[in-house]
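Below is one structure, written out as structure tokens, with a few remarks after it.
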Amino acid sequence: MALPPPDPQYVLRGANDAVNTLCFHCADPKPELPLLFSGSSDGQIHIWNIKTHRMDRMLNGHGGKSVLWVKTLGNRNTLLSQGRDQNVCLWDLAEGRKDVTDSVFTDHAGFCKCSLLQVAERRWLMAMPGKDLEEVRVLELPSKTSVCTLKPEADAKLGVPLCLKLWQPSVGSSPSLLAGYEDGSLVLWNLSVGKSLSRLACHQEPIMALDFDSEKAKGVSGSSEKMLCVWRQNEQQDLEMQQTCQLTNPGIADVALRPDKKILATAGWDYRIRIFGWKKLRPLAVLDYHTATVHCVAFSDHSQSRERLMAAASKDHRISVWAIYNQT
Amino acid sequence: MDLLPVCRAVLEANSILSSSRDGIQICETLQTIKRYLGGTESPPSLKEKEEFIHRHFTTFLQCLISNVGPDWLELFPSDEEKELWDSFFLEGPADQSFMVLLDSVISTGPSFRLNKVTEVLERFLQRGGLSSLMWEVCRHQSQAGSPVLQEALLNRVVCLPDHLANKLRGENHPVFFPQNYFPLLGVEIVRVLERISESLRGGLDCSIAFVSQILGKVCVHGRQKEIMSVLVPHLTDRTQSDCIWQRICWRLIESVPDRWMEAVICGFVRAAPGSAVLSRLLGNLVVKSKKSQFVMTQKLLLLQYSHPTAVLQSLLGYLALDSTRRPLLIKVLKELLGTWGSSSAVKHSPVEQQLYISKAILICLSHVKDAEIESNRQELLTSVMEGMKCHLDSNLPQIRHLGMVVAESISTRITPEGPALKFQYEEDEELRELKSLLTPRTEQTLVGDLPGIANNRPPVASSAVLKPSVRPSLGASEELGKGVDSDLDSDDDLVPYDMSEDKELRKIKAPAYIRDCIEILTGPEDADKYEATVGILETLIRRNAAAAREVSVELTKVLLHLEEKSYIEGFMGLRQSALVALAVTDPVPVSHFLTTEFYSLNYSLRQRMDMLDVLATAAQELSRPIPPKPERLPGVKQPSIHILSGENPDPSDWRRVVEERIRSKTRRFAKGPSRAELPCTPNKFGPVAGHFFFPLLQNFDRSLATFDLLGDDHMVLGRLAHTLAIVMYFAVNAAVAAVMGKALLEFVWTLRFHTDAYVRQGLLSSVSSTLLSIPAEHLLEDLSEELLETQAWLADVAERDPDGNCRSLALQNLLLMENLKKKLETVPFE
């Protein structure tokens, strides 16, 4: 008889609205405390202390509009946040400050989250949805210079982008962008020439989330359907379907691969978090704790693998933190 | 007359042999006589030889044997002379030597002489004496040999192993063991046939009747397997391309006397590796001989049922292979269908036989051509209709399934273009095998099927058989390699958690109070609410017993009439577990309600059986309450938004149901441990057992317009009997047990000759639970008369019942009675 699924390690309460996004920052050497950043629908950004399980600070910079995405930029004191006020803000949190030092106006009214990739020491690329419906812009940070604007051909009819993932095959090589669109297709963009390399219509419904394993050149995407798609980039650099996995209930809000690429977590509209083995997409666990749609799952970046955690943010105002499969 | 010297020489020799003690003289005498057998430098005249062989050889041999003794043989100076003695038996006419040898074996007691004779007999057999013997008889049969002598020879040849085993007992030689002797005889028969075929080719006529008789007699003595294992492969081989051999083979079987024909045909049918071979060996025997036709079309198919499926396939394939035999195939099919469709056969013949007949029907169908079916369609249709009715009427699921499969198969053949008959049933191994018979086997696979025959084949053939069997193993190892390879890349180090809770999300909240449930179940239709309610009901009843008692009867009524309005997973189970929960929480009113309703109008059979099931399950739960499990607090341990925990029944509940099923079927007395457990927990069933039991017994013989237990509804009667058995069983140690037992035995007595096997099984179960539940001393005090009656009936059932389950149940009951008796004897009354 299989073991019953575990309960959450602890639950962070105190966000007064649905939590949309999470970002761990735990890799700093001691004595720095591990942190978890979260963004909620009421425009608040919360900084949680993972050690004490208490809220550390609260940031308010998007004028009460929902926060879609938060990400630390290199260190714990620099934070990027994207809100529905169509701004991406850069925060300075050092020495107890909570100031917005810079911001970029996306001019995009959708829900698409940005994607960040470090390409060199103190140099990042950020992909964000652009002004035109179908367009994606890529900026270099911190200089904010535009690298390219990715616009599909006029007859492609992809719809708006809904999820983005910047990646590069290895450090130093030219970065690529994977974007999931409203019509259920996935497009691989080459940033250096600004052209689409491949398009894969893997879903019937809009793609809600995707993640990509650059070592195995294999990725996963979820939509509002009852299935997960696993696809890969073949030798000709084209995307091709590899496998699908049927789920019990429809709707995937987020997918996340653990940094060691062993397991995959999905955030479901059915209030459940599902864990799969990444190699074969074998279902491993169904975590049933939340009482509303789960919006986001994230794995911590602890340097010690035993301390690794997984967090899930839900519409029920709670963030559940789990220690699952962190012994292997 | 120049024959006198022969006579004189023999007389002289006899007297010398019996009187002389001089080795040289004896040797000379033997040499002289040996001359008459020929083969020496001065051959006797033909007439002398014939005279010697016909008149004097037997007496001379007898004399040789009667004079042999330990001292006598020492007179011979060398081995050569000893050999001379043996050579008379080995080289002389085989029939006479054999007769003399075996006669002396039979007549002598254990002695040196007996040893000597058996030794010579062994050498005789090893040197192929039997074939010369048979050849001798065959050659002379045309000259009208004496039938008495032939009869005697036949007896001796066939019964040789018996005679020698009787005589030698522990010191028997291996060559005389039946398992060695009969294969040897088979080889010798082949040799004789070879000589016969040579002589036929040479234009000489000879009779095969004696060989046929030997074959027949061996077979009728039950040694078909041994002799056929040698004979069939050889004959198969030789008849392949040789028409003289085919004729010989047909003749061999045709000349078997009628009284032994059956055994021979059975032997051939069993040993032949397929219908083509069988057809080659038997020819058109079935058309020519009445007896063999009877055996092949009636006896093997309709009267016996122990043969393996391969026999059926060979036999029916044989009938189908030749156009002169095909009318017989149709006739057989009709007769088989007649039996299959006869309701008395379905009721009274054992399941195994019905399976056998079904197999035969399907094999027939695979051979019959469409045109043949077309011309007999009406007839077939009628018998299918009848057969289907009585099969579906049966209470035994196996028989119902057999009926379904056969009916389906026939209907697709009768109306290939029309809508096919389709039943719902779960396919098991047996049914799959049955269905596979519809596609005729190819002859090639048949050869490899019988390894016993492949061994005895000439080497060329056996290597051909071996080859295909090597290939699959290679393929398997390849597959294995692949499996290992793919396993390397799995997520095996991550052990999955239990994911059974991962069900579809439901929007509707289940009601929290029992009264709400009643409202929802009887109120306007709302599929989601309905489903949630059915799922939660059992939990609610068990959680709040007081509230459940208030509405127990009302809710029971609602549940009994509950319909599955929209598909709900596991609906039947959920409903039943809710009913059981009610019956357990409030036993007296609910059982009263159920037992009364059981005999009232306007219920379907399904509902009535549900009532019985509920009563039985509740009885079990009351008698052995499951220890209260630590309550799972939904808020803490298992935070979930859907609290339909009734959705997936607890594994222990599931096991309970299975155990309960098993228990309701068979051998209760083997369940030692469960009885030992009983005293550990309070038996809540004892005080209410009567409420469950007596009302059920009250009205079984009263037939209603819609419900006739003793008539058509024997399915429910069978279930009633089983339920009573279960209730009785769980009333163990209760005060009313003895009274219940008495009533139950009376019930059993009135129904003991019921034609339905399922009902009888129920009755037998009732008897066992009575025996188990009532203390032994009470049994003998209060129920002695009933027990005696029952015992007589049980003995009868154990011996004669057509149903195997019934027989074994009855036997177990008898054992149980025996054990009780012993127990009473060992424990003296205090």
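The values are calculated or read from the model by the stated rules, or taken from the named source; none is laboratory data. As the structure is a computational prediction, the values presented were derived from the model and not from experiment. Note: ideal-geometry Cβ built from the backbone for every residue, glycine included; neighbour counts use all protein chains shown. Only protein heavy atoms, including side chains, enter the accessible area calculation; ligands, DNA and RNA are left aside. Shrake-Rupley method; radii C 1.70, N 1.55, O 1.52, S 1.80 Å.
To keep it simple, each residue is scored yes or no on (1) touching a residue at least 40 places away in the same chain (Cβ under 8 Å); (2) within 14 Å of A:Y181 (Cβ to Cβ); (3) surrounded by fewer than 22 Cβ atoms within 10 Å (Cβ to Cβ).
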position	(1), (2), (3)
A:Q118	yes, no, yes
A:R122	yes, no, yes
A:E140	no, no, yes
A:S143	no, no, yes
A:L150	yes, yes, no
Residues of the range A:246-261 satisfying the condition of being in a loop (DSSP other than H, G, I, E, B), more than 7 Å from every other protein chain (Cβ to nearest Cβ) and open to solvent by 10 Å² or more (accessible area, probe 1.4 Å): A:L247, A:P250, A:P259, A:D260, A:K261
Where a residue in the range B:163-187 is at negative phi and its partner, wherever it lies, is assigned to a helix (DSSP H, G or I) and of a type in the set (V, I, T), with Cβ under 6 Å and at least six apart: B:H163/B:I106; B:K167/B:V105; B:F182/B:I227; B:P183/B:V230; B:G186/B:I227; B:G186/B:V230; B:V187/B:V230
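To keep it simple, each residue is scored yes or no on (1) touching a residue at least 40 places away in the same chain (Cβ under 8 Å); (2) farther than 21 Å from A:M208 by Cβ; (3) within 14 Å of chain B (Cβ to nearest Cβ).
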residue	(1), (2), (3)
A:A18	yes, no, no
A:Q44	no, yes, no
A:T78	no, yes, no
A:C89	no, yes, no
A:K98	yes, yes, no
Residue within the range A:13-31 that is under 24 Å from A:V294 (Cβ atoms), open to solvent by 20 Å² or more (accessible area, probe 1.4 Å), among the acidic types (D, E) and modelled with pLDDT of 90 or more present: yes
Residue that is more than 14 Å from chain B (Cβ to nearest Cβ) and over 27 Å from A:C26 (Cβ atoms), where the choices are A:Q236, A:Q243: A:Q236
Residue that is farthest from A:A312 (Cα to Cα) [pool: residues in the range A:213-239 that are of a type in the set (D, E, K, R) and open to solvent by less than 60 Å² (accessible area, probe 1.4 Å)]: A:K218
Selection from the range A:159-192 of residues that are without any contact (Cβ under 8 Å) to a residue 40 or more places away in the chain, in contact with a Ser or Thr (Cβ under 9 Å, 6 or more places away or on another chain) and hydrophobic (A, V, I, L, M, F, W, C): A:V187
Elements of type helices (runs of 4 or more DSSP H) contained in the range B:730-811, each with 1 or more residues being open to solvent by 10 Å² or more (accessible area, probe 1.4 Å) and in contact with a Gly (Cβ under 7 Å, 6 or more places away or on another chain): B:757-773
Selection within the range A:32-45 - surrounded by 23 or more Cβ atoms within 10 Å (Cβ to Cβ) and not hydroxyl-bearing (S, T, Y): A:L36, A:F37, A:G39, A:I45
Helices (runs of 4 or more DSSP H) lying entirely in the range B:321-425 (those with 3 or more residues that are in contact with a helix residue (DSSP H, G or I) (Cβ under 6 Å, 6 or more places away or on another chain)): B:326-340, B:343-348, B:351-367, B:377-392, B:397-414
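Each row is one residue, and each column tells you yes or no for (1) within 15 Å of B:V406 (Cα to Cα); (2) among the charged types (D, E, K, R).
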{"position": "B:F294", "(1), (2)": "no, no"}
{"position": "B:A310", "(1), (2)": "no, no"}
{"position": "B:R325", "(1), (2)": "no, yes"}
{"position": "B:V332", "(1), (2)": "no, no"}
{"position": "B:S366", "(1), (2)": "yes, no"}
{"position": "B:D370", "(1), (2)": "no, yes"}
{"position": "B:R377", "(1), (2)": "no, yes"}
Elements of type helices (runs of 4 or more DSSP H) in the range B:44-125, at least 2 residues being under 20 Å from B:C27 (Cα atoms) and over 48 Å from the mean Cα position of the chain (by Cα): B:57-67, B:70-74, B:79-91
A:K226 within 14 Å of chain B (Cβ to nearest Cβ) and over 18 Å from A:I275 (Cα atoms): no
Test for B:Q607: is it within 42 Å of the chain's Cα centre (by Cα) and open to solvent by 10 Å² or more (accessible area, probe 1.4 Å): yes
Matching residues in the range A:283-325 - criterion: being assigned to a loop (DSSP other than H, G, I, E, B) and more than 11 Å from chain B (Cβ to nearest Cβ): A:S300, A:D301, A:H302, A:S303, A:Q304, A:R308, A:L309, A:K315, A:H317, A:A323
Selection count, the range B:136-154, where residues are open to solvent by 20 Å² or more (accessible area, probe 1.4 Å) and modelled with pLDDT of 85 or more: 2
Residue in the range A:296-311 that is farthest from A:A18 (Cα to Cα), counting only those that are in contact (Cβ under 8 Å) with a residue 60 or more places away in the chain, open to solvent by less than 50 Å² (accessible area, probe 1.4 Å) and in contact with a Ser or Thr (Cβ under 9 Å, 6 or more places away or on another chain): A:L309
Residue tally, condition open to solvent by 80 Å² or more (accessible area, probe 1.4 Å) and either touching a residue at least 24 places away in the same chain (Cβ under 8 Å) or under 23 Å from B:L193 (Cα atoms) (or both), over the range B:114-128: 2
Positions within the range A:264-273 being closer than 19 Å to A:L309 by Cα and more than 8 Å from chain B (Cβ to nearest Cβ), in sequence order: A:L264, A:A265, A:T266, A:A267, A:G268, A:I273
Boolean, B:I361 is open to solvent by less than 10 Å² (accessible area, probe 1.4 Å), modelled with pLDDT under 90 and either assigned by TED's automatic domain parsing to the domain that holds B:H401 or among the polar types (S, T, N, Q) (or both): no
